[in-house]
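Novice: I'd like to ask you about the structure that follows.
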Amino acid sequence: MADGAVLLRGFAKPFEADLTAALRDIAAQAPFRHMVTPGGHQMSVAMTNCGGAGWVTDRTGYRYDARDPETGKPWPAMPLSFRELAEQAADRAGFRGFSPDACLINRYQPGARMSLHQDRDENDFSAPIVSVSLGLPAIFLFGGLKRSDRPRRFRLEHGDIAVWGGPARLVFHGVAPLADGEHGLLGRQRINLTFRKAR
Ligand code: MD6
Ligand code: FE
């Protein structure tokens, strides 16, 4: 995709049954919810987390928190299938020794979108981010290091994994409004898993 950003087409396909079963368990313990940005807007993407740290936003800001603010309980543990997939993908992309402590899970229903942003709430930008797409296809907007850089568009399909770090770690990116459709395994939605080293 760019210097430091690799797209691994179909890499998560062999894991799809394990991933979807684990997702159901996680969502039963920590349900998807529409968080509010510091600016007071409710996000169209619904989110939950697993792992030792979970990304949250509310009126006070963005942060990583060991607990789900809705329940007060720790986020569900990161399933082995999630961890192994993320580590294998990072390896394949040339980022050896990636050890994620956070997995943000995004759910897009038709019309949901993610505006251009940088991922900069992590402590250590030397670790890459591993991003897994499941379900309906989406148009990923991949910009540059300035918000004003015109994004390029990549179609991300079920099983695709994007890995980025190094010179691409702070690139502006987003997701165009999800087109309606029906996916054989996941139905009328797209799920994105982003693995990070938050702490
Ligand atoms: C998404 N992904 O694909 C949103 N961030 O639904 C992200 O915001 C993202 O895919 C950092 C690195 C990879 C990503
Ligand atoms: Fe992001």
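The values are calculated or read from the model by the stated rules, or taken from the named source; none is laboratory data. Quick caveat, the model's predicted, so the values are computed rather than measured. Quick reminder, even Gly has a Cβ in these numbers, built from the backbone with ideal geometry, and neighbours come from all protein chains shown.
Novice: Looking at segment 1-20, which of its residues are surrounded by 14 or more Cβ atoms within 10 Å (Cβ to Cβ) and part of a loop (DSSP other than H, G, I, E, B)?
Specialist: Correct list: 1, 4, 11, 12.
Novice: Same structure, new question: Hey, can you tell me all the residues within segment 21-49 that are polar (S, T, N, Q) and assigned to a loop (DSSP other than H, G, I, E, B)? Write out each step before concluding.
Specialist: First, pick out the residues of segment 21-49 that are polar (S, T, N, Q): 29, 37, 42, 44, 48-49.
37, 44, listed by residue number.
Novice: Further question: Quick check on my filter: what residues within segment 111-123 are outside any strand (DSSP E or B) and over 10 Å from residue 44 (Cα atoms)? Steps first, answer last, please.
Specialist: Within segment 111-123, the first condition is being outside any strand (DSSP E or B), and the residues that meet it are 111-113, 118-123.
Within segment 111-123, 118, 119, 120, 121, 122, 123 meet the criteria.
Novice: Being touching a strand residue (DSSP E or B) at 6+ places or on another chain (Cβ under 6 Å) and more than 15 Å from ligand 1 (Cβ to nearest atom) is the filter here, so list the residues in segment 93-116 that pass it.
Specialist: 101
Novice: Output yes when any residue across segment 100-108 is away from ligand 2 (no atom under 16 Å from the Cβ), more than 14 Å from the chain's Cα centre (by Cα) and on the phi < 0 side of the Ramachandran plot, and no when none is.
Specialist: Going residue by residue through segment 100-108, those that are away from ligand 2 (no atom under 16 Å from the Cβ) are 101.
If we keep only those that are more than 14 Å from the chain's Cα centre (by Cα) too, we end up with none.
No: zero hits.
Novice: Same structure again: Filter segment 50-98 down to residues that are in a helix (DSSP H, G or I) and in contact with a Leu (Cβ under 9 Å, 6 or more places away or on another chain) and give me whichever is surrounded by the most Cβ atoms within 10 Å (Cβ to Cβ). It would help to see each step written out before you state the result.
Specialist: The initial filter retains those residues of segment 50-98 that are in a helix (DSSP H, G or I), namely 80-92.
Still in the list and also in contact with a Leu (Cβ under 9 Å, 6 or more places away or on another chain): 81-82, 85-86, 89, 92.
Values: 81: 15, 82: 25, 85: 22, 86: 27, 89: 24, 92: 13.
Among those that are in a helix (DSSP H, G or I) and in contact with a Leu (Cβ under 9 Å, 6 or more places away or on another chain), it is 86.
Novice: Strands (runs of 3 or more DSSP E) wholly in segment 131-199 with at least 2 residues that are within 18 Å of residue 84 (Cα to Cα) and within 9 Å of ligand 1 (Cβ to nearest atom) - which ones?
Specialist: Working: elements: 138-142, 152-156, 161-164, 173-175, 190-196.
The strands (runs of 3 or more DSSP E) meeting that bar are 161-164, 190-196.
Condition check ((1) touching a Leu at 6+ places or on another chain (Cβ under 6 Å); (2) under 25 Å from residue 22 (Cα atoms)) across all residues:
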| site | (1), (2) |
| --- | --- |
| 128 | no, yes |
| 131 | no, yes |
| 139 | no, no |
| 142 | no, no |
| 147 | no, no |
| 152 | no, no |
| 157 | no, yes |
| 174 | yes, no |
| 197 | no, yes |
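Novice: To continue, here is another question. Would you check if residue 101 is acidic (Asp, Glu) and either closer than 23 Å to residue 18 by Cβ or buried (at least 17 other Cβ atoms within 10 Å of the Cβ) (or both)?
Specialist: yes
Novice: Go through (1) among the hydrophobic types (A, V, I, L, M, F, W, C); (2) closer than 27 Å to residue 125 by Cα; (3) over 14 Å from the mean Cα position of the chain (by Cα) one by one and return the number of the condition residue 21 breaks.
Specialist: (2)
Novice: Please determine whether any residue of segment 181-189 is within 16 Å of residue 89 (Cβ to Cβ) and at pLDDT 95 or above. Lay out the reasoning, then the answer.
Specialist: Keep residues of segment 181-189 that are within 16 Å of residue 89 (Cβ to Cβ), which gives none.
Looking for residues that are within 16 Å of residue 89 (Cβ to Cβ) and at pLDDT 95 or above, one finds none in segment 181-189, hence no.
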